[in-house]
Amino acid sequence: MRILLVGATGTIGKAILDVLQDRHEVVAVSRSSAPLHVDLGDPASIRSLFNQLGTLDAVVGAAGAARFKPFPLLKDEDYAFSLQNKLMGQVNLIRYGIPALSDAGSITVTTGLLAQQPMVGSAAVSLVNAALEGFVRAAALEAPRGIRINAVSPPWVRVADQSPGAPGMAGLSAHQVALAYRVLLEGDQTGQVVTP
């Protein structure tokens with residue numbers, strides 16, 4: 001398969017690249033990669049990327065920023081940033097990615113634990129993750145040409161030599177999380193939100 005991986009320089013993105021590159025042709029991009037790059041907060045950047053790539057068999061979105069801060073401190077611009085980047089950035093990967101995919105292609109995006117298990121400071125992140133999960137389930141019902149749409153909802157991801165993301169959370173390795181993306185890409189599921 002020829003797979004576009006967005007967010008290839010992040011913790012999860014690097015692990016996804018590692019588990020896919022020996023089995024598939026992976027076009028790895030990020031906000032800072034060259035010559036190809038993409039800014040998920042800019043729809044024109046996403047469209048331009050797809051225009052440069054030609055036909056793909058799969059798209060993986062492992063990027064998207066959202067603001068984490070206490071609810072009373074969230075301002076309009078924090079919500080706008082989170083909606084434009086984490087939510088609409090990945091929604092637009094799906095929207096603009098479908099025409100670039102071969103028949104029976106696959107799109108997998110990334111939500112997160114805070115959609116289902118919010119914590120203090122996660123209001124904006126929980127909002128966009130839960131909205132993206134709903135969009136994936138609904139869009140999969142109407143995807144044309146046998147295209148499959150799924151999401152991975154990672155738990156806390158362990159980074160080497162660092163403690164887990166929250167007290168009492170053991171976390172998974174990025175490699176373990178990346179395997180969930182591979183299963184969705186190589187399987188036949190659609191409309192699923194998978195927690196590794």
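Coordinate-derived values only; no laboratory data. The model shown is predicted, which means the values in this text are computed figures rather than measured ones. FYI the Cβ positions are ideal-geometry reconstructions off the backbone, even for glycines, and counts take in every protein chain you see.
Here is how the numbers come out for the structure above:
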| read-out | value |
| --- | --- |
| Loop-located trypsin sites (Lys or Arg not before Pro) in the range 1-73 whose Cβ has at most 14 other Cβ within 10 Å (DSSP) | Arg23 |
| Cα-centred dipole magnitude for the chain, charges only on beta-carbon of K, R (+1) and D, E (-1), debye, nearest 20 | 160 |
| Longest to shortest principal axis, alpha-carbon extents of the chain, angstrom | 44, 35, 35 |
| Sequence-separation-based contact order of the chain, relative, with Cα cut under 8 Å and 6+ spacing, percent | 21 |
| The chain: DSSP helices with Cα axial extent of at least 24 Å and average Kyte-Doolittle hydropathy no lower than 0.0 | 123-142 |
